[in-house]
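Here's the structure, in structure tokens; my notes come after.
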Amino acid sequence: MKMDHNFFEGVCIKSEYELSEAWEAIERMFAVIVFDPDGQIIEVNKVFMDATGYNREELIGQHHRILCDKKYTESKDYVEFWNILRSGKRHYGTFRRVRKDGSDLFLYAEYTPILDDNGHVVKVLKIAQNTSRVAEHLIKKLGMSEQLIGRLLTMQ
């Protein structure tokens with residue numbers, strides 16, 4: 001079923017109060033983080049903090065790379081990832097990230113550039129689901145390696 005892009009405006013959301021309630025429901029269920037166009041973290045919710053092991057003070061002002069493997073952040077793919085977002089294009093899929101303790105975190109997420117009235121990217125909103133339990137289950141039940149699981153989950 002294709003969803004009308006005006007779903008929230010026309011059908012479901014009738015007031016600012018309802019929009020606020022809908023957003024609060026999203027924040028209760030999903031990991032949410034907001035970046036500036038250069039990748040600096042400007043906001044994060046509790047679900048995201050719980051998934052990563054960081055607190056707000058440890059994340060706000062840090063660059064997105066704090067959540068990624070160092071090898072990835074030094075790659076051309078990582079530079080291209082941020083160039084795509086700064087160009088205003090969405091990016092979604094399953095992403096391997098790194099928790100504060102160094103363990104892998106798998107997130108099914110969408111990075112959505114937020115544009116100003118002139119069409120310039122002013123923020124990047126990421127809404128994610130933690131899919132790490134799926135990976136852990138596959139490792140335990142099927143005896144698959146973490147590396148193989150990582151590759152399978154992050155295939156695009």
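None of the figures in this text is laboratory data; all of them are computed from the coordinates on show. Note that this is a predicted model, so its numbers are computed, not measured. Virtual Cβ from ideal backbone geometry, glycine too; neighbours counted across all protein chains shown.
Checking the Cα-Cα distances for LYS76/LYS100; LYS100/LYS123; LYS46/LYS123; LYS70/LYS100; LYS46/LYS76; LYS100/LYS126 against a 22 Å cut-off, the pairs over it are LYS76/LYS100; LYS100/LYS123; LYS46/LYS76.
Multiplying the residue separation of SER75 and ARG56 by 0.36 nm and subtracting their alpha-carbon distance yields 4.1 nm. Note on PHE35, PHE30: ascending count of other Cβ atoms within 10 Å places them as PHE30, PHE35, the fewest first. One compactness figure for region 28-78 is 1.16, namely its Cα radius of gyration divided by 2.2 N^0.38 Å.
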